[in-house]
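A short write-up of the structure that comes next.
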Amino acid sequence: MESRSGTPAPAVTTAVAPPARPSPVRPGWRGAWHGVRPTERLCHVTGAVLVLSGLAHLAVFAVDGGPWDGPVSWRKPVTFGLSFGLTLIAITWVTSYLRVGTRLRSALLVVFAADCVVEVGGITLQAWRQVPSHLNMETGFDTAVSMTLAVGGGVLVVLLTVFAVASFQNRPTGPLGMPLALRSGFAILLVALASGAAMIARGVVLTRTGHQEAAYHSTAPLKPLHGVSLHAVLVLPTLAWLLSHTPWSDRTRRRVIQAAVGCYAAAVLGAGVWAALTW
């Protein structure tokens, strides 16, 4: 094309924008769920069922009523369902940060999940039968259930101790603060296991010596210590994970985790002092 003066007009070029890059596809919760190992998926589902069982029995308590405290109440299937369900989910998650062989971890988790089902199942069964679940030697069937729960408690102690030792043998992986949170959580969990064993041992001694009613009430002083220390392995690692998603500096996150561990240890110590004074 020429201009009126006869000189060719400059060519007009149109800039073509480069094609937009496709935004990265982030896997949703379904994709993340399918990426979970079958053993972990089984444990998570089992833990969720146990939690739902506890909530369902809370509804039963609201309808049926009855005492909340004591050896025979709907409190036991509620608290044990929630506690065992949350603990199973927590252990399945936090052990993924431990340097443990895949096959060994899977085997331990399967046994742990089965043991949790047996414990909650036995306690729930006895609640529906309106008889005590622990330290009950009144009949042959009650003795079998009570001894099964006691043996199951021993299995729990062994499995969780193995995971606790593994957390201290090799430094756990994970975001900043997770190794401290895991090791502190497992160390405090050992306090829960020791207090639980002490409750069972004292109750059995009282039962064998003919003090059945005293055996049912002998666990009261240690229950706060047992309950508080049991869930440190869930609370502290969860806090470390949440902090890893904040814009805070490494120094701030480290201090928050250290403060949380100190506060949790103080709470456990306080519950321990109360247990010693009321034992």
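The values are calculated or read from the model by the stated rules, or taken from the named source; none is laboratory data. Given the structure is predicted, the values throughout are model-derived calculations rather than measurements. All Cβ positions, even for glycine, are placed from backbone atoms using ideal geometry, and neighbour counts span all protein chains on display. To get the accessible areas, we keep the full protein, side chains included, count just its heavy atoms, and leave off ligands, DNA and RNA. Shrake-Rupley method; radii C 1.70, N 1.55, O 1.52, S 1.80 Å.
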Next item on the list: Give the long-range amide H neighbours of Ser133: residues separated by 5 or more places, or on another chain, with amide H under 5 Å away, using H modelled in the peptide plane at 1.01 Å from N.
Entry: none
Notebook entry, point to check: Which Rg and Dmax, in Å, describe the Cα atoms of the chain?
Noted result: 27.4, 122
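Counting other C-beta atoms within 10 Å, and keeping those with at most 15, which DSSP coil trypsin sites (Lys or Arg not before Pro) do you find in region 122-220?
In loop regions of region 122-220 (DSSP not H, G, I, E or B), the sparsely surrounded trypsin sites (Lys or Arg not before Pro) are Arg129.
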Note to self: Using a probe radius of 1.4 Å on heavy atoms only, what accessible surface per residue do you get for the chain? Whole Å² is fine.
What the structure shows: 56 Å²
Item checked: the chain - percent of accessible surface contributed by carbon and sulfur, probe 1.4 Å -> 68 percent
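Looking at the square roots a ≥ b ≥ c of the eigenvalues of the Cα gyration tensor of region 108-176, which shape do they give, rounded for a/c under 1.5, prolate if a/b is larger than b/c, or oblate?
prolate
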Check: Between region 195-217 and region 71-121, what is the C-alpha centre distance in whole Å?
Finding: 25 Å
